[in-house]
Amino acid sequence: MRNINIGSILIACVIMLAGCGGERQEYSMKTIEDHQLVMERLAMFADTEISVDLSGLSERQRALIDKLIEAGRIVDELFWMQSSHDAIAVRDSLRAMGDAISKDILKYVMLHYGPYDRIFEGERFIGEGPARKPAGAGFYPEDMTREEFEAYISANPDKKELLESQYTVVLRDGDGLRAVPYHEYYPRIEELSRLLSEAAELADNPSLRKYLSLRAKAIATDDYFESDMAWMDIRDNDIDVVIGPIENYEDGLFNYKTAWECAVMVKDPEGSKELQMFTDHIDAFEQALPIDAKYRRASAGSANVLEIVNIVYFGGDFHAGIKTIAASLPNDPRVTERKGGKKQMYRNLMEAKFDKILLPIAERILHPALHSWVDRNSFTSFVTLHEVSHTLGMPYVYGKPELSVRRALMERYSAVEECKADVLGMYNKKLLLSEGRIDENDLKRSIVTYVAGLFRSLRFGAESAHGHANLVQLNWLLENAAVTSASADVFDIDFDKFMPALTELARTVLMIQTLGNYDEAGALLDNYGRMTDVIERAIDRLTDIPRDLNTTYSVLEK
């Protein structure tokens, strides 16, 4: 762990930080070396302005977008409270400093939503406090252990449901613990709900208006089922929004608690038309899963929606650290069982990442004979199939219809689920090839682009769900000689071994989820989700290529 200590020669200052219990902590900034470290890490993120052509929207639609962004900014502030107990204190202290060095550090704090580096295993890079980001983020008492939580629930089973709820914050209550619902704990909930109601009044599309009205109620009650169902029923809309406490990645302790996030989007109708083939194949993909037929569902959902959209604004969990390029929502298995899911691909972000990150990585570490096979369309196609594949497989443990796979695998779920979506995204190409929807060259482009993409995503950090999942895949393919590394650290692909190896990994992951096997999930992640010398050398060769984007949004600059 390296704390920022900034030059006593250049600046003599003391930042006062509020501690968890209200006491005040001090640290002095003394040397310039760690400021240089932050500048090096900032360089790992390519400053990128995300723009969208809104010229085709009406005046009311533009007003609707403005209202949604206003709501999104509240959500963004709520996520700061969740990221860590001292995230806001560090941010606001740096803002108050105002000098050039503090502004540099503030930029990195803003990128990570706090003093912990999401790329480098949650390492604290400024201030005094835990050396690593607490696994429970801001959802639980900072000093609470997993064992303490489980022991308290065991002794107080009547409190289990509330304490484990997706929508409660856990606080100390004397010698015990208590759960406070999100709508009671977080500030500005009433304002956020009102803004969504006002947005509904600006929505001319009836289905979007219904969703926004129901979402306003959900924000005020923490009951999101009805609004999630309505979100799946939105049709013929130009504008969409994901807003609320949604993903569980931030809760590294149990994967119970949901993080606030907001994405304001404008649909790309021409791009969305290209996805119809995948929509038509979702049930066929389910039936082609490489597991016993008794573990396959008759249908993966009757109303799955695939869309290409462009991002207008990201806030909260969407914007923290690595920027999302697609999403498969809702997460509620009750909704996906009835409606399927909505898979949205973020075109402007995907294209920026391909051009600035994936293509340079491929040219650096893949065998020269493979370079011409790296393809932007294959990248966007894989991202789409990744999101489709989140819908595939059992959402509940086989034989235990009340136990969701997410709950059975707890903190191991996210990495296993991302691994499943990746490997099935590639595995599904087999069915498309057998039907003549793609040819052998299409498959080869997909495989090469996928392998380059593994190196892109594993640079997110081994502690992230996506980074962990990509380490599992790459180590599995290396062990099975489907991917090989020459002495010069240039990677090649054995196309004859690739699909058999990937198929076996797909089967392994699917059965872990189907049976809700927590121990097997741990064994897979421990054995394959590790950084090896070969992979580390490859990553070291990519240091001058951005790890991700540091995005700004042109609509906010108007």
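The orientation-averaged projection of the convex hull spanning the C-alpha atoms of the range 60-125 amounts to 5.6 square nanometres. When you count the other C-beta atoms within 10 angstrom of each residue and take the mean per peptide, 161-172, 307-318 line up highest first as 307-318, 161-172.
When the P(r) is computed for the range 139-187, the part past 13 Å accounts for 53% of the Cα-Cα pairs.
A simple packing score, the average count of other Cβ atoms within 10 Å per residue, orders the peptides 336-345, 88-97 as 336-345, 88-97, with the highest score first. Taking a cut-off of 14 Å, what percent of all Cα-Cα pairs in the range 355-409 are separated by more than that? In whole percent, the long-distance tail amounts to 67. Taking a point 7 Å from the Cα of His371 along the Cα-to-Cβ direction, the residues of the range 483-508 with backbone N closer than 17 Å to it are 488-493.
Using C-alpha pairs under 8 Å with a sequence gap of at least 6, the mean separation divided by the residue count of the chain gives a relative contact order of 16 percent. Over all orientations, the range 282-439 has a Cα convex hull whose mean projected area works out to 11.1 square nanometres.
At the listed q of 0.17, 0.26 Å⁻¹, the Debye profile of the range 472-525, built from one uniform point per Cα, gives log10 I(q)/I(0) equal to -0.58, -0.96. Straightening the chain between Arg334 and Asn527 buys 66.2 nm, computed as 0.36 nm per residue apart minus the Cα-Cα spacing. Database remark: amide H of Lys342 closer than 5 angstrom to the amide H of Val305, Leu329 (H placed geometrically; neighbours at sequence offset of 5 or more, or on other chains; Pro and chain starts carry no H). Provide the net charge surrounding Leu433, with neighbours chosen by a C-beta distance below 9 Å and charges set as Lys +1, Arg +1, Asp -1, Glu -1. In short, -1.
Only Cα sites of the range 65-176 enter the Debye sum here, all with the same form factor; the resulting log10 I(q)/I(0) across q = 0.15, 0.16, 0.24 1/Å is -0.77, -0.85, -1.28, listed in q order. The packing ranking, built from the mean of other Cβ atoms within 10 Å per residue, places the peptides 322-333, 538-549 in the order 322-333, 538-549, highest first.
Hey, any idea what Rg/Rh is for the range 194-264, computing Rh the Kirkwood way over Cα pairs? Reported Rg/Rh (Cα atoms, Kirkwood Rh): 1.01. Extending 7 Å from the Cα toward the beta-carbon at both Ser51 and Ala298 defines two label points whose distance is 5.2 nm.
May I ask you to give the average projected area over all directions of the convex hull of the Cα atoms of the chain, in nm² rounded to one decimal? Here the figure is 25.3 nm², rounded to one decimal. Taking a sphere under 11 Å around the Cβ of Ala482 and counting the other residues whose Cβ falls inside, with K and R at +1 and D and E at -1, yields a net charge of -4.
Local charge for Asn527 was computed over the other residues whose Cβ lies under 11 Å away, with Lys and Arg +1 and Asp and Glu -1, and equals -2.
With a Förster radius of 41 Å applied to the C-beta separation of Thr503 and Glu270, the computed FRET efficiency comes to 0.75. Rounded to the nearest 0.05, the FRET efficiency derived from the C-beta distance between Glu363 and Glu435 at R0 = 41 Å is 0.80. Based on the reciprocal of the average 1/r between different C-alpha atoms, the Kirkwood radius for the range 238-557 equals 19.8 Å. Normalised size of the range 392-516, defined as Cα radius of gyration per 2.2 N^0.38 Å with N residues, equals 1.12. Within the range 387-442, none of the chymotrypsin sites (Phe, Trp or Tyr not before Pro) combine a DSSP coil assignment with at most 14 other C-beta atoms in a 10 angstrom radius.
Read-outs throughout are calculated quantities, based only on the coordinates presented, and are distinct from any laboratory measurement. For clarity, every value in this text was computed on a predicted model and none was experimentally measured. Note that each Cβ is placed from the backbone with ideal geometry, even for glycine, and that neighbours are counted across all protein chains shown.
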